[in-house]
Amino acid sequence: MNKETLNCELITPMFSSGMDTRKAELRASELKALMRYVYRISNQTLDTQQLYEEEARLFGDAEKHASPIRLQLVAGNLKWKSEPLLLHREKYETKYPNRSIPYRGCFLAKETYSIVLRKFLNKGEELSFYRNLVLLSLILGGMGKRSRRGRGCSSIISADGSVPNLTRESLLPWMTEQLNLLNATTDHSASSVYTMEKGIIRVDSKRVETRDSQKRPVIEEIRLGKTIKDIYQFLLQVDLASHEIKDKYKPKIRDNYKPPTNNLFATGYAYTGSKFASSLLISVTRTSEGELLPVYTFVKAFVDCTKNKNQKPDIQLLDTDYEERNKMISLIEGGTF
């Protein structure tokens, strides 16, 4: 058995809990779900059956494959308290007088915990593969509620194995390399699925067919934002932008763009009987030099607009030119993005 320990620090509050949402609980299942999700959206293969089989090989499934990797999250003296899910409480409750912001058990920022990786079987990939996937997953996402809105983000502060020295300059190149390695699990010739141009990670322009043919959520591009000076002020801007984009933003109708219809937003929505997770993932990472940076990940936004279960699925693609998501980031960053 191979084993490694990654010592982590929370960058943003983590709303993670079990059955009792009033209490915070550190859950390894959330980290593994994040790793599987990052693997899935990173892989640009058109063969979904092959993707499923590779995911089962790497992480296990309920039918044939035992998981070759075990994850343990060690809380140690991790402190928590009850905190509001949204930070703009006064504005929210003034606008919606009949609603109140829910409070949940929350692990506080700057608290530390450990991730223990154990490789049990001679299957899957080397332990270093999973270590790098954990790091990539923590950069692109968080754990717990509102993880697509900057909550539950962590950074690795020390490890048994080798952890790369990631500065602002080296962060995106390293991520590009890791994304391409993940694609190589289903396509050994996929050495340049992703490229980095002008500070943005995108699908290589030579793979137009793959990019345009995808009918599932996959990464379209990844960008970094401005240096964060106050993490709570940043999260407040994220919360405010999440609501403002729906209340005030009216996109211009152009030849190649249709604004969201029927209140369908690529940045997510929740109505009675209808819910759609945002295709703009907002996370926070910390460089080796201590700089806090927003990470904006654009994922293809597919929504099923079928009203009758007996009807053929009516799949709608939202925000094809990123108008809506760019506007939301501009609201967060305080300028054109």
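The values are calculated or read from the model by the stated rules, or taken from the named source; none is laboratory data. From a predicted model like this one, the values you see are computed outputs, not experimental measurements. Cβ atoms come from the backbone with ideal geometry, glycine included; neighbour counts cover every protein chain shown. Keep in mind that these areas ignore ligands, DNA and RNA; they rest on the heavy atoms of the full protein, side chains included. Shrake-Rupley method; radii C 1.70, N 1.55, O 1.52, S 1.80 Å.
Brief remarks follow.
- Dipole moment magnitude, nearest 20 debye, the chain about Cα centre, only Lys, Arg, Asp, Glu C-beta charged: 1040
- Computed lengthening from Asp187 to Thr112, 0.36 nm per intervening residue step minus Cα-Cα distance: 23.3 nm
- Residues in the range 32-69 reached by a label modelled at Arg207 [backbone nitrogen below 12 Å; 7 Å Cα→Cβ]: 41-47
- Measure of compaction for the range 58-172 (Cα Rg per 2.2 N^0.38 Å): 1.38
- Selection of GluC sites (Glu not before Pro), the range 4-78, meeting DSSP coil and at most 16 other Cβ within 10 Å: Glu63
- Every helix of 4 or more DSSP H residues in the chain counts as -39500 (n - 2.57), and over all residues that averages to -9000 deg cm²/dmol at 222 nm.
- With every protein chain in place, the range 34-122: carbon and sulfur % of accessible area (1.4 Å): 47
- Taking GluC sites (Glu not before Pro) across the range 121-217, the ones in a DSSP loop with at most 10 further Cβ atoms lying within 10 angstrom of their Cβ are Glu126.
- Phi-based couplings in Hz for the range 71-82 (Karplus 6.51, -1.76, 1.60; Gly and Pro marked x): 10, 10, 9, 9, 6, x, 9, 4, 8, 8, 7, 7
- Residue-span extension gain [Ala270 to Asn98] - 0.36 nm each, minus C-alpha spacing: 60.2 nm
- Residues with amide H under 5 Å from that of Glu221, placed H, sequence gap 5 or more: Phe298
- ³J(HN,Hα) computed for each position of the range 275-285 - Karplus, 6.51 cos²θ - 1.76 cosθ + 1.60, integer Hz, glycine/proline x: 8, 9, 6, 4, 8, 10, 8, 10, 9, 10, 10
- Scattering profile of the range 119-216 at q = 0.23 Å⁻¹ [log10 I(q)/I(0), Debye over alpha-carbon scatterers]: -1.34
- Cα gyration tensor shape for the range 25-71, rounded if a/c is under 1.5, else prolate or oblate: oblate
- Backbone geometry of the range 116-124 corresponds, through the Karplus equation with coefficients 6.51, -1.76 and 1.60 at θ = phi - 60°, to 3J(HN,Hα) couplings of 9, 9, 10, 9, 9, 10, 7, 9, x Hz, x marking Gly and Pro.
- Reciprocal mean inverse distance between Cα atoms of the range 286-334 - Kirkwood radius, Å: 13.9
- Short-range pairs are left out: with C-alpha atoms under 8 Å and at least six residues apart, the relative contact order of the chain is 21 percent.
- Cβ-Cβ FRET estimate between Gln233 and Ile315, R0 fixed at 35 Å, reported to 0.05: 0.40
- Gained length - Cys305 relative to Ser162, 0.36 nm times residue gap less alpha-carbon distance: 46.9 nm
- Glu169/Ala277 FRET efficiency (R0 25 Å; Cβ-Cβ; nearest 0.05): 0.20
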